[in-house]
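Here the structure is laid out as structure tokens; the discussion comes afterwards.
The values are calculated or read from the model by the stated rules, or taken from the named source; none is laboratory data. Quick caveat, the model's predicted, so the values are computed rather than measured. So basically every Cβ, Gly included, is an ideal-geometry build from the backbone, and we count neighbours across all protein chains shown.
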Amino acid sequence: MEVTIADRQQLSKRKKIGKILEEKGGGFCPIHDFLIHFANKWSMLVILNLGYSGKARFNALKQSTSGISQRMLTVTLRSLEEDGLISRTVFPEIPPRVEYELTSLGKSLLDVMTMMGEWATRHEDEIQHARKAFRKAH
């Protein structure tokens, strides 16, 4: 039995998926850890806004992240800083000035998010059509 190029590609993809789903030391697969920490509404919006603006102060981020509360923005920024996705720079001025920006790790995540956004934009009509069909059938 001969293995085709398509078969090899499918096996290669399956192997990659298997590695992603493998549990690591903490008992979670990497994608599970990612989803818990970064793939929430506010983290993704903050990363996108920092990717767009480059550097931003707290109030500018609050204004550009529609609907986020001051407390949720504080929690989100701390979490992203803890995970190494953003850096926080405090300038010794009166009053103190604080700026946030993406780290190289954050920029690499922004690249992935940009691809996901492009995918969502490209398939928006199909997704809306599928949702309407599903609602109609149920």
Among the numbered conditions (1) over 22 Å from Lys41 (Cβ atoms); (2) surrounded by 10 or more Cβ atoms within 10 Å (Cβ to Cβ); (3) at pLDDT 95 or above, tell me where Glu126 comes up short. (2)
Can you tell me which residue within the range 37-58, out of those that are hydroxyl-bearing (Ser, Thr, Tyr) and more than 11 Å from the chain's Cα centre (by Cα), is surrounded by the fewest Cβ atoms within 10 Å (Cβ to Cβ)? Tyr52
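Of Phe91, Phe34, which residue is of a type in the set (Phe, Trp, Tyr) and surrounded by 12 or more Cβ atoms within 10 Å (Cβ to Cβ)?
Details: Phe91 fails: surrounded by 12 or more Cβ atoms within 10 Å (Cβ to Cβ).
Being of a type in the set (Phe, Trp, Tyr) and surrounded by 12 or more Cβ atoms within 10 Å (Cβ to Cβ) holds for just one of Phe91, Phe34, which is Phe34.
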Which ones in the range 100-111 are assigned to a strand (DSSP E or B) and closer than 23 Å to Leu35 by Cβ? Tyr100, Leu102
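Sort through Leu77, Leu61, Leu85 and tell me the only one that's farther than 13 Å from Gly106 by Cβ, surrounded by 18 or more Cβ atoms within 10 Å (Cβ to Cβ) and aliphatic (A, V, I, L, M).
Working: Leu77 fails: farther than 13 Å from Gly106 by Cβ; Leu85 fails: farther than 13 Å from Gly106 by Cβ.
Unique residue meeting the criteria: Leu61.
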If you check His138 against the conditions, is it over 17 Å from the mean Cα position of the chain (by Cα) and surrounded by 10 or more Cβ atoms within 10 Å (Cβ to Cβ)? no
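Out of contact with any strand residue (DSSP E or B) (no Cβ under 9 Å at 6 or more places or on another chain), without any contact (Cβ under 8 Å) to a residue 40 or more places away in the chain and of a type in the set (Val, Ile, Thr): which single residue out of Thr89, Thr103, Thr76, Thr114 fits that description? Full working, then the answer.
Numbers: Thr89 fails: out of contact with any strand residue (DSSP E or B) (no Cβ under 9 Å at 6 or more places or on another chain); Thr103 fails: out of contact with any strand residue (DSSP E or B) (no Cβ under 9 Å at 6 or more places or on another chain); Thr114 fails: without any contact (Cβ under 8 Å) to a residue 40 or more places away in the chain.
Residue meeting the stated conditions: Thr76.
I want to confirm something. Restricting to the range 51-70 and keeping residues that are outside any loop (DSSP other than H, G, I, E, B), in contact with a Ser or Thr (Cβ under 9 Å, 6 or more places away or on another chain) and in contact (Cβ under 8 Å) with a residue 24 or more places away in the chain, which single residue is nearest to Thr114 (Cα to Cα)? Walk me through it before giving the result.
The first filter runs over the range 51-70 and keeps only residues outside any loop (DSSP other than H, G, I, E, B), leaving 51-53, 55-64, 70.
With in contact with a Ser or Thr (Cβ under 9 Å, 6 or more places away or on another chain) added as a condition, the list becomes 51-53, 55-56, 58, 60-62, 64.
Okay, now just the ones that are also in contact (Cβ under 8 Å) with a residue 24 or more places away in the chain, so 51, 55-56, 58, 61.
Working: Gly51: 10, Lys55: 18, Ala56: 19, Phe58: 23, Leu61: 19 Å.
Only one residue tops the list, namely Gly51.
Okay, residues lined up against (1) assigned to a helix (DSSP H, G or I); (2) closer than 30 Å to Ile20 by Cβ; (3) outside the structural domain of Ile20 (by TED's automatic domain parsing); (4) not acidic (Asp, Glu):
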{"residue": "Trp42", "(1), (2), (3), (4)": "yes, yes, yes, yes"}
{"residue": "Met72", "(1), (2), (3), (4)": "yes, yes, yes, yes"}
{"residue": "Val75", "(1), (2), (3), (4)": "yes, yes, yes, yes"}
{"residue": "Ser79", "(1), (2), (3), (4)": "yes, yes, yes, yes"}
{"residue": "Val98", "(1), (2), (3), (4)": "no, no, yes, yes"}
{"residue": "Met113", "(1), (2), (3), (4)": "yes, yes, yes, yes"}
{"residue": "Gly117", "(1), (2), (3), (4)": "yes, yes, yes, yes"}
{"residue": "Ala120", "(1), (2), (3), (4)": "yes, yes, yes, yes"}
{"residue": "Glu126", "(1), (2), (3), (4)": "yes, yes, yes, no"}
